[in-house]
1. For the stretch 106-128, indicate whether the set of residues that are at pLDDT 95 or above, more than 30 Å from residue 58 (Cβ to Cβ) and of a type in the set (Gly, Ala, Ser) is non-empty.
2. Would you mind telling me which numbered condition in (1) closer than 30 Å to residue 215 by Cβ; (2) assigned to a loop (DSSP other than H, G, I, E, B) residue 129 fails?
3. Could you please let me know if residue 109 is of a type in the set (Gly, Ala, Ser), out of contact with any strand residue (DSSP E or B) (no Cβ under 7 Å at 6 or more places or on another chain), in a loop (DSSP other than H, G, I, E, B) and assigned by TED's automatic domain parsing to the domain that holds residue 35?
4. Report yes if residue 85 is modelled with pLDDT of 95 or more, surrounded by 13 or more Cβ atoms within 10 Å (Cβ to Cβ) and in the same structural domain as residue 28 (by TED's automatic domain parsing), otherwise no.
5. Pull up the stretch 24-34, narrow it to residues that are crowded, with 18+ Cβ neighbours inside 10 Å and modelled with pLDDT of 95 or more, then point me to the one that is nearest to residue 283 (Cα to Cα).
6. Suppose we filter the stretch 70-93 for residues that are part of a strand (DSSP E or B) and closer than 20 Å to residue 144 by Cβ; how many remain?
7. Given the condition more than 13 Å from residue 156 (Cα to Cα), acidic (Asp, Glu) and outside any strand (DSSP E or B), answer yes or no: does some residue in the stretch 94-106 qualify?
8. When the residues of the stretch 116-138 are filtered to those that are more than 19 Å from the chain's Cα centre (by Cα) and exposed (fewer than 12 other Cβ atoms within 10 Å of the Cβ), which remaining residue is farthest from residue 217 (Cα to Cα)?
Amino acid sequence: MKTKLPPMLLLAWCLLLAAPAHALYSCNVTPNAIGVAYDPLAASSKVTQSSVTVTCLRAAGDSATLDFVLTASNGANSTGQGNYARLGTQTMSYDLFRDSLCTTRWRDAGNTYFSGPLNFAGALSASVTLDYWACIPSGQTSLAAGTYADSVLVTLTYGNTNKTQQSATASFPVSIGTPAQCVISTPPGMVDLGTYVAFGGATTGSATFGVTCTSYLSYTLALDATFGVVTGLNYVLSVPAGGVGTGLQQLLSINGTVPAGQAGQCGTGTCSGTNTHTLTLTY
């Protein structure tokens with residue numbers, strides 16, 4: 001006796017065999033922030049570089065290349081096509097570009113976005129880091145001092161022609177400190193190197209000073225000389241190479257050492273001496 005499967009069951013079995021299994025790609029986008037100091041009296045626009053990274057995973061059976069598009073919004077304070085960072089009721093104009101010459105905007109239409117295939121090169125994960133630039137026009141001289149802020153939304157869309165389009169988003173902050181100023185707000189005092197015994201051990205000392213710079217403004221520090229001689233004793237000095245301003249005073253130190261094992265030159269039981277050094281702040 002023979003038994004036949006119902007036609008509907010046979011059809012269902014055929015459909016199941018005909019449906020290939022494909023895993024969806026999984027991607028994320030990680031943008032780095034913009035933080036920069038702006039001098040409104042500068043002759044040219046302020047240009048600063050940052051980057052954004054696209055990272056994707058795939059299944060072994062998926063294509064080794066993946067198409068993607070990466071767009072950026074006009075920020076939280078946009079007016080028309082312009083980007084603006086805000087401090088209270090005041091705004092500062094800036095824009096995002098895909099080149100350091102500030103000619104090709106990074107936007108969400110036409111050819112203004114990043115795009116490409118991402119190449120896995122035989123691996124199951126791949127990433128690409130894309131550079132972008134923030135350009136702040138010169139001559140914005142009527143702004144109050146402080147830090148101007150904005151937030152930009154980045155949208156990643158990905159998927160090949162035979163795949164369902166997927167997306168991922170992330171935001172990054174834009175912070176612009178102005179005006180670009182830096183001062184030694186607390187001068188250094190005496191670096192007291194202590195009491196040194198002839199042919200004895202080393203002695204050390206330090207002096208604290210303060211630097212106050214606009215947020216995100218880089219600065220360097222230097223002494224006119226990092227060594228000297230007092231009463232026949234050699235000594236060495238050191239100071240931090242520099243830093244980045246926070247808008248608040250930063251306390252730093254000049255450190256000094258008299259190396260061990262020196263005889264010195266002293267005609268009496270004890271003697272002392274001083275030298276004067278110059279600390280220079282450059283920004």
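The values are calculated or read from the model by the stated rules, or taken from the named source; none is laboratory data. Please read all numbers here as calculations on a predicted model, not as lab measurements. Quick reminder, even Gly has a Cβ in these numbers, built from the backbone with ideal geometry, and neighbours come from all protein chains shown.
1. Looking for residues that are at pLDDT 95 or above, more than 30 Å from residue 58 (Cβ to Cβ) and of a type in the set (Gly, Ala, Ser), one finds none in the stretch 106-128, hence no.
2. It fails just one condition, (2).
3. Values: of a type in the set (Gly, Ala, Ser): yes; out of contact with any strand residue (DSSP E or B) (no Cβ under 7 Å at 6 or more places or on another chain): yes; in a loop (DSSP other than H, G, I, E, B): yes; assigned by TED's automatic domain parsing to the domain that holds residue 35: yes.
Here the answer is yes, as residue 109 does meet what is asked.
4. yes
5. Pass one, the stretch 24-34, residues crowded, with 18+ Cβ neighbours inside 10 Å: 25, 27, 29, 31, 34.
Still in the running and modelled with pLDDT of 95 or more: 27, 29, 31, 34.
Working: 27: 40, 29: 34, 31: 27, 34: 19 Å.
If we take residues in the stretch 24-34 being crowded, with 18+ Cβ neighbours inside 10 Å and modelled with pLDDT of 95 or more, then 34 is nearest to residue 283 (Cα to Cα).
6. Here the count works out to 11.
7. yes
8. Checking each candidate, the answer is 122.
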